[in-house]
């Protein structure tokens with residue numbers, strides 16, 4: 001039944017997804033992961049389409065340049081993994097370069 005509701009694009013599917021995602025962090029990873037900023041946690045916002053919208057201030061940490069970059073999305077399932085993502089991996093916790101301490105979240 002769920003697959004048919006998704007296929008038919010019923011509005012209830014969107015509402016359920018938004019409810020499930022509320023308060024649940026996701027991890028974005030851009031390979032190769034050379035330092036801790038290559039994988040960061042975010043609070044997802046559901047959008048239409050098959051693309052990931054990324055705030056420009058976090059692009060430098062991912063070395064993202066929007067020329068066809070691919071990113072993997074991981075969903076931490078356990079409460080412990082979710083807490084770790086919130087405390088250590090959210091982008092606002094990673095504002096400085098781990099190598100030299102300079103600001104990493106700057107306009108590109």
- prompt: What number, rounded to the nearest 500 deg cm²/dmol, is the helix-based mean residue ellipticity at 222 nm of the chain, given -39500 (n - 2.57) per DSSP H run of at least four residues and division by all its residues?
  reply: -6000 deg cm²/dmol
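What FRET efficiency would be calculated for the residue pair residue 67, residue 87, taking the C-beta separation as r and a Förster radius of 30 Å, to the nearest 0.05?
Details: r = 33 Å, r/R0 = 1.10.
Once rounded, the FRET efficiency stands at 0.35.
What fraction of the DSSP beta bridges in the chain is antiparallel, stated in percent and rounded to the nearest 5? All intermediate terms of the calculation are to be shown ahead of the outcome.
Values: 8 of 9 bridges.
Antiparallel: roughly 90 percent of the beta bridges in the chain.
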message: Modelling each spin label as a point 7 Å along the Cα-to-Cβ direction, I'd like the residue 106/residue 6 distance in nm, to one decimal.
response: 4.2
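Taking neighbour Cβ counts within 10 Å as the exposure measure, how do 97, 78 sort from fewest upward?
On the way: 97 15, 78 8.
Lowest count first: 78, 97.
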- request: Could I have the simple spin-label model distance between residue 78 and residue 52, label points 7 Å from Cα toward Cβ, reported in nm to one decimal?
  value: 2.3
field: In degrees, nearest ten, helix 11-21 long axis to first principal axis of the chain (Cα)
entry: 40
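The numbers here are math on the coordinates, done by the rules we state, and not lab data. This structure is a prediction, so every number in the text was calculated from the model and none was measured. When we count neighbours, we look across all protein chains shown, and the Cβ atoms used for this are built from the backbone with ideal geometry, even at glycine.
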